[in-house]
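To keep things clear, I will list the structure first and then write my remarks on it.
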Amino acid sequence: MAANSSSTGGKPTNSTAGKPSGPSAEQVVASFQRMRQEQRSMASKATELDMEINEHSLVIETLKDVDPTRKCFRLVGGVLVERTVKEVLPALESNKEQISKIVESLNTQMQTKGRELTEYRERYNIRLVGEGEDQGKSASSSDKDSEGGGSKGGAGVLVS
């Protein structure tokens, strides 16, 4: 996409002459897509960490029923080390708690990013492909009325 925006060097000068303070439609779409991608990557990481939590839980439950002096092997930094169950179990529980905290933090960040995306969509009147026009117009007009805004009315951006 960077090649497309740089090959249209003449267009930004024309659009900036008409709108000196606002970003071009291409910039708005690129910014929106970047924000959506950030939110998707956070969701992907949260899902990955949830699976790790499930794996930790499974191993912890399995090791609780085992003799604490029994040998077990743990992968640490790409190296397989021999330990006992009583040494490994507390470390696993600690790791699980830390991963849970990270997932909570990611969920909070995703909610914040979602609010930012919603505000950005409303500010630039962005509609996604497949969204009903009636639904988008009624929601955006009621939001604009409640916020006292709406001076950018007719210039909407459609994002696929």
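With 21 Å as the limit, the listed pairs K45/K101; K45/K71; K45/K96; K64/K86 have K45/K71 beyond it between alpha carbons.
Each Lys or Arg adds one and each Asp or Glu subtracts one; over the other residues with Cβ under 12 Å from the Cβ of A43, this totals +1.
With 0.36 nm allotted per residue and the present C-alpha distance subtracted, the V59-R123 stretch has 18.2 nm of extension available.
Extension gain, K71-E52: 0.36 nm per intervening residue step, less the Cα-Cα distance, totals 4.6 nm. To the nearest 10, the accessible area of S41 is 60 Å² with a 1.4 Å probe.
When a 1.4 Å probe is rolled over the protein heavy atoms, the share of accessible surface on the range 59-133 that falls to carbon and sulfur comes to 50 percent. Amide hydrogen proximity for V157: with H placed 1.01 Å from N in the peptide plane, the residues at 5 or more positions away or on another chain lying under 5 Å are I126, R127.
Remark on C72: its backbone amide H falls under 5 Å from those of R83, T84, V85, a criterion applied only to residues 5 or more positions apart or on other chains, H modelled at 1.01 Å from N.
In this simple spin-label model, placing a label point 7 Å from the Cα along the Cα-to-Cβ direction at both R115 and L80 gives a separation of 4.8 nm.
Between E87 and K45, the FRET efficiency from the beta-carbon distance, with R0 = 22 Å, is close to 0.15.
The values are calculated or read from the model by the stated rules, or taken from the named source; none is laboratory data. Please read all numbers here as calculations on a predicted model, not as lab measurements. Don't worry about glycine lacking a Cβ; one is built from the backbone with ideal geometry, like all the others, and counts go over all protein chains shown. For the accessible areas, the whole protein counts, side chains as well, though only heavy atoms, and no ligand, DNA or RNA atoms are used. Shrake-Rupley method; radii C 1.70, N 1.55, O 1.52, S 1.80 Å.
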